[in-house]
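In what follows, a single structure is set out as structure tokens and then discussed.
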Amino acid sequence: MNRGLGGAVVCSLLVLLALAAAQPPSPAALSPAQSASRPPPSPPAARAPAPSQAPPPPAAAQAGKPSPSPRPAPAPLPPPPRAAPTPTPSPSPSTPVPAAPRPAPKPPSSPPAAPAPRQSPPAPRPAPTLPPPAAAAAAPRPSPSPAAPAPRQSPPPAASPPPPAPPQPSSNSSTPSTSSTLGQLSPSFYAESCPGVELAVRDVVRSASTLDPSIPGKLLRLVFHDCFVEGCDASVLIQGNGTERTDPANLSLGGFNVIDAAKRLLEVVCPATVSCSDIIILAARDAVVFTGGPAVPVSLGRRDGLVSLASNVRRNIIDTGFSVDAMAASFTAKGLTLDDLVTLSGGHTIGSAHCNTFRERFQVANGSMTPVDGSMNTDYAGELIRACSGANGTVSAGAAVACDSGSASAFDNRYFANLLEGRGLLRTDAVLVQNATTRAKVEEFARSQDGFFASWADSYARLTGLGVKTGADGEIRRTCSSVNG
């Protein structure tokens, strides 16, 4: 039974193939010009000429179709079947007149703008005109009438879109140029080369902060001193004579051991991959998180700098005696704003400062310290005098005081409330409430910790994007305290 079914199927297929083969070759039904111009849509072509070509003999049809000239005089000329380039005739309005006996000349009335340049070549060399098959394919769309499909040459301009198609792939091929973006910062920069980088740094910072609660404040201060001088390139980590690390403004910096520990771990897991500058950014971010601050996303891909000069520090770093105008000028020069100034000053909510960093706010005379800054809260001034008084009424250089009175171990908005109460430790803190613009922002953050946290995420991203080195600039140090050699 299966054989019978199979035989029937085979027979049906043979019949269909025979019918399909018998239709195209009927020359009496199709004029040579039409059969040459539209090989694929042979069924429509057979229907088209049947009504129009029935009265005259095939030769007459051939003579009418291929006439390349706009005038009816050359009608008796019998060109070869390849005379399909009838679209080429010049679009003179005289041709449509003899369209009564022959509908073929009628189409030239449509403006064949594209074929016009090929007027001379069509008759001598029909071979080059073979590309119009695309036009012939587009011809059936213009009108359902039998004569219209072949001569309708307005589609050729529409067929021009196919040529533009090849250039599109070439533009896609240019997408590999995005490889240049490999030198740009990205949160997923190490996704393939060192996927565990953030976890590794976080674990090191957590362990160090557990052993020494002052570590978060030290790491946050380290990122400020690095990014403001030579950009965020870990130049502050390099040891040696005349390096940034030897400048008096950087002598009190700490947290270097945490960065070195994280680097040693990463060199085991991902050797020569993660930069020391990225480790600083991640470590400071994690320090904020461990003290209750916001977890902000950071972009990675920085490279380590090759230059570290103490002479570059003083002209770039914010001095503790600066006014709002002086700080604003420094921030503006680096592309930061007054809002960034107030927000990033909020980093003083954790950590401590040595007494000699704010000694200009006191006068030491006759073995005693007295405040010279009338904006300082009296009670707070007394606390600082007791904490910083050394032998013989001098300021104890080694003593340290919490930057944020009563909340130095928590990253919160208490710092801004303290400023409004006259309890700012550094002069750069106290002056923020003496300027109308910065005071308004201080008051805003004092009211809303969420507002401070949201602004911190944006300002930290801008700070850590200062002067970064990417691509072929800089290097990936093997040891953070020295350049590769």
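The values are calculated or read from the model by the stated rules, or taken from the named source; none is laboratory data. Values in this document were obtained by computation on a predicted structure and should not be read as measured data. Counting neighbours? That spans all protein chains shown, and the Cβs are built from the backbone with ideal geometry, glycine included. All accessible areas refer to the heavy atoms of the entire protein, side chains included, with ligands and DNA or RNA removed. Shrake-Rupley method; radii C 1.70, N 1.55, O 1.52, S 1.80 Å.
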Restricting to segment 211-224, name every residue that is closer than 29 Å to Ser188 by Cβ and open to solvent by 50 Å² or more (accessible area, probe 1.4 Å).
Lys218, Arg221
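Being open to solvent by 20 Å² or more (accessible area, probe 1.4 Å), in a loop (DSSP other than H, G, I, E, B) and either acidic (Asp, Glu) or under 14 Å from Thr428 (Cβ atoms) (or both): is that true of Gly335 here?
Details: open to solvent by 20 Å² or more (accessible area, probe 1.4 Å): yes; in a loop (DSSP other than H, G, I, E, B): yes; either acidic (Asp, Glu) or under 14 Å from Thr428 (Cβ atoms) (or both): no.
No, not satisfied.
So if I check each of Arg285, Arg245, which one is among the basic types (Lys, Arg), assigned to a helix (DSSP H, G or I) and open to solvent by 30 Å² or more (accessible area, probe 1.4 Å)? Working first, answer last.
Values: Arg285 fails: open to solvent by 30 Å² or more (accessible area, probe 1.4 Å).
Going through Arg285, Arg245 in turn, the sole match is Arg245.
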Within segment 182-210, track down each residue that is open to solvent by 40 Å² or more (accessible area, probe 1.4 Å), assigned to a helix (DSSP H, G or I) and not acidic (Asp, Glu).
Leu182, Leu199, Arg202, Arg206, Ser207, Thr210
Being open to solvent by 40 Å² or more (accessible area, probe 1.4 Å) and under 20 Å from the mean Cα position of the chain (by Cα) is the filter here; which residues of segment 442-464 pass it?
Asp458, Ala461, Arg462
Whether any residue in segment 293-305 is assigned to a loop (DSSP other than H, G, I, E, B), open to solvent by 10 Å² or more (accessible area, probe 1.4 Å) and in contact with a strand residue (DSSP E or B) (Cβ under 7 Å, 6 or more places away or on another chain) is what I want to check.
yes
Quick one: what pairs do we get from segment 334-360, first residue closer than 17 Å to Val442 by Cα and without any contact (Cβ under 8 Å) to a residue 60 or more places away in the chain, second open to solvent by 10 Å² or more (accessible area, probe 1.4 Å) and of a type in the set (S, T, N, Q), C-beta under 8 Å, 6+ apart or different chains?
none
Among (1) under 23 Å from the mean Cα position of the chain (by Cα); (2) crowded, with 21+ Cβ neighbours inside 10 Å; (3) not polar (S, T, N, Q), where does Asp473 come up short?
(2)
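Please indicate, with yes or no, whether at least one residue in segment 462-470 is in a helix (DSSP H, G or I) and either closer than 30 Å to Arg303 by Cα or at pLDDT 95 or above (or both). Spell out the reasoning first.
Quick first cut of segment 462-470, residues in a helix (DSSP H, G or I) only: 462-463.
Those left that are additionally either closer than 30 Å to Arg303 by Cα or at pLDDT 95 or above (or both): 462-463.
Yes; the residues of segment 462-470 include at least one that is in a helix (DSSP H, G or I) and either closer than 30 Å to Arg303 by Cα or at pLDDT 95 or above (or both).
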Over segment 390-430, the set of residues touching a Leu at 6+ places or on another chain (Cβ under 9 Å) and aromatic (Phe, Trp, Tyr) is Phe411, Phe416
All-but-one check, Ser352 against (1) on the phi > 0 side of the Ramachandran plot; (2) touching a Cys at 6+ places or on another chain (Cβ under 8 Å); (3) open to solvent by 50 Å² or more (accessible area, probe 1.4 Å), failing number (1)
